[in-house]
Amino acid sequence: MVELRLQQVTLKRAGRTLFGALDLTLRGGECWAILGPNGVGKSSLLHLLAGLLPPETGTLTLDDQPLTTLARRALAQRLALLLQQQHDPFPSRVLESALLGRHPHLGPWGIEGEVDLAIATAALARVDLTGMEQRLVDELSGGERQRLAIATLLCQQAQVMLLDEPNNHLDLRHQQALLRHFQTLARAGDLVVMALHDPNLAARYASHVLLLHASGAVLHGEATTLLTSERLATLYDVAFDTVDGPVGRLFLPH
Amino acid sequence: MKRHGRLLLALLLLLALAIPLALASGSQGVGERLLSGTLDPLTSRILFDLRLPRVIAAVAVGGLLALAGALLQLLLRNPLADPYILGISGGASSGALLAILAGVSGLWQAGGAFFGALCSILLVFTLSHGQGSWNTTRLLLTGVVLAAGWGALISLLLTLAPQGAVHGMLFWLMGDLSHARAPWAALAAVVLATLLITPLGRPLNLLARGETQATLLGVEVGPLRTLIYFLASLLTAMAVTLGGSIGFIGLVTPHLLRLAGVHDHRWLLPCSALLGALLLLAADTLARVAIAPQQLPVGVLTALLGVPLFLYLLARGGERG
């Protein structure tokens, strides 16, 4: 099983310490949700885990190899990050965009073959974009673009999937379907880490949660034990009620 | 894939057809003399000493500019980038002029142009890359101001230059292929550069999506960007040394191809080189015959056609936000 480990990691951004001396081990088979108010560094934490942002102190290892010693291509074969939506000045076609996810698996002179095409077609079907392969990306709606970005990530077939607000712009049906898919992937042995804004989605789909407080305090552990209305109240500075729903607990902010 | 291959082939064929056509066009008809079967010394001189170098120069400079334009658009992540608009041709011209005034020539002159282009791209790149985000307004403003600055420097250098040299030097300002000599090296350069950069098309496709996305998908962004930066400077410098500042070919060519549905840089780059060559050859032939026996500087013609197109693209881009 894949293992991503942080030892005594301190992360700073723009001179501000986001959190200090964090010890954390993320293992394959787990689906993590990162919760916290705006600006506490959920995205920065994901960028740190993807090796895009160096830690101020401490070490970060993927299967006992320091992340800094891995070449970007080798890393990209094992680890993927879904970025928050980005502006694309050169819109290409949907299928071409999804195929970009195959890049780390192709040699420098390689051309996408039947296998890559099959993977991309399957990924597009998974995000419900079948039939739109030849559409231009800038003709898509925000939600469709987000689904395309997820398809590109799925094409990468990485064991570690870091998702920055994967449910952004998605309608309810696609939110449920795609989060359930990531949950299934995690149960099959992959590691999924996603930044979310809705504690109810975390409670429903994540096995583990990490609560990132504005004070820099970090709580992490199993979702069932860690998610309580008191802890969420401290985290968001909003009072919560807990309601037992048909699919588990629901947290309702006042 | 197949469609793109056919487009590449079609462009290659068109260029192969256009070259003899351009050779045959001009104020002196050579067609009937050729058909008579004998090549008299005058016809031979017109064809091989006057027209052929100019035709080859048009092909080479067009290819160089279009390739440089496509690479700059990628480097700056902006479809409005062009060596002329961003003042990079101006930098190359100034560098070359300074080398001439310093009394050196030949390779040093090309070196001066290269250095000027390199400085310009570096300036545009650092100044318009504020806080990591790319901004069209800032990019174009930087380019416009740089172009104005280089223009002033070129005027100053021309004023200081000895009387006799000025006429020949004016072409740095407007772009003219009638002085083009030894265009074969530039032609070889454009072919080599295309062959070198096309296999890198897949990482370049990723770079077009932004540094972060490219890094995440396994591209070592730093070395790739440095390569594009040097290559775009080199191509612009060669084009400017041969033909002065010729505008808009680098802007229009990749844009036309994107309109035709070519987005993959593995096809976009070689197609750009071919289409750029074809467009400049057509423009230069038109410049030679439009008011024959008088000849227009081709840079004037490309600007007259390019400016309205550029403004249209800018307005359309603004509508989309």
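Readers should treat all values here as calculations from the given coordinates under stated rules, not as data from a laboratory. Nothing here was measured: the structure is a model prediction, and the numbers come from that model. As a convention, Cβ positions derive from the backbone with ideal geometry for all residues, glycine included, and neighbour counts pool all protein chains shown.
What's the magnitude of the charge dipole for the stretch A:3-228 around its Cα centre, counting Lys and Arg as +1 and Asp and Glu as -1 at the beta-carbon? Answer in Debye, nearest 20. Walk me through the intermediate numbers first.
On the way: 19 positive and 22 negative charges, 70 e Å.
Using only the charged Cβ atoms, the result is roughly 340 debye.
Over every pair of different alpha-carbon atoms in the stretch A:114-214, take the mean of 1/r and invert it; report that Kirkwood radius in Å.
The answer is 14.4 Å.
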Packing-based exposure ordering (other Cβ within 10 Å, fewest first) of A:Met1, B:Met174, B:Met169, A:Met194: A:Met1, B:Met174, B:Met169, A:Met194
Other protein chain Cβ atoms within 10 Å, averaged over every residue that makes up B:205-211: 5
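Relative contact order, percent, of the stretch B:163-321 when contacts are C-alpha pairs under 8 Å separated by at least 6 residues? Mind dumping the intermediate values first?
Working: 138 pairs, mean separation 53.3, N = 159.
Rounded, it is 33 percent for the stretch B:163-321.
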Ascending count of other beta-carbon atoms within 10 Å, so fewest first, for A:Val218, B:Val300, A:Val192, B:Val191: B:Val191, B:Val300, A:Val218, A:Val192
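For each of B:Leu286, B:Leu196, A:Leu49, count neighbouring Cβ atoms within 10 Å of the residue's Cβ, then give the residues from fewest to most. Working shown, then result.
Values: B:Leu286 15, B:Leu196 12, A:Leu49 25.
So the residues, fewest neighbours to most, are B:Leu196, B:Leu286, A:Leu49.
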Total formal charge among the other residues, if their Cβ is under 12 angstrom from that of A:Val2, Lys/Arg +1 and Asp/Glu -1: -2
Residue-wise HN-Hα coupling along the stretch A:12-26, computed from phi with Karplus coefficients 6.51, -1.76, 1.60 (Hz; x: Gly, Pro): 10, 9, 6, x, 9, 7, 7, 7, x, 6, 8, 10, 7, 10, 10
Relative contact order (%) - criterion: Cα under 8 Å, at least six apart; region: the stretch A:3-228: 30 percent
Helix B:2-24 axis, angle to chain B major axis (alpha carbon atoms, nearest 10°): 30 degrees
Gyration tensor (alpha-carbon) shape descriptor, the stretch B:271-321, a/c threshold 1.5: oblate
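Would you please classify the overall shape of the stretch A:3-228 from the alpha carbon gyration tensor, given that a ≥ b ≥ c denote the square roots of the eigenvalues, rounded means a/c under 1.5, and beyond that prolate means a/b larger than b/c while oblate covers the rest? Could you put the intermediate results ahead of the total?
Working: a/c = 1.78, a/b = 1.42, b/c = 1.25.
Prolate.
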Taking only Cα atoms of the protein assembly as shown, radius of gyration then Dmax in Å: 28.7, 100
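Any number yet on Rg/Rh for the stretch B:77-319, C-alpha, Kirkwood? Provide the component values of the computation, followed by the final result.
Numbers: Rg = 17.9 Å, Rh = 18.7 Å.
In the stretch B:77-319, Rg relative to Rh is 0.96.
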Fluctuation leader among B:Ala283, B:Ala188, B:Ala208 - chain B, Gaussian network, Cα springs under 10 angstrom: B:Ala188
Added length on full extension, which subtracts the Cα-Cα distance from 0.36 nm per residue, B:Leu39 to B:Leu21: 4.7 nm
Highest-fluctuation residue, B:Leu13, B:Leu123, B:Leu242 considered, GNM on chain B with Cα pairs under 10 Å: B:Leu13
Chain B: relative contact order as a whole-number percent, Cα under 8 Å and 6+ apart: 33 percent
For A:227-238, mean number of other protein chain Cβ atoms within 10 Å: 0
Using alpha-carbon coordinates, inclination of helix B:107-128 to the longest axis of chain B, degrees: 30 degrees
Most mobile listed residue (B:Ala102, B:Ala24, B:Ala232) in chain B, GNM with C-alpha springs under 10 Å: B:Ala102
Cα centroid of the stretch B:247-321 to Cα centroid of the stretch A:193-254, whole Å: 57 Å
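Would you tell me the mean number of C-beta atoms belonging to other protein chains that fall within 10 Å of each C-beta in B:74-82, as a whole number?
Details: counts 2, 0, 1, 4, 2, 2, 1, 0, 0.
Counting Cβ atoms of other protein chains within 10 Å of each residue's Cβ and averaging gives 1.
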Residue (of B:Met174, B:Leu305, B:Val219) at the positive-pole extreme of chain B, dipole from beta-carbon charges: B:Val219
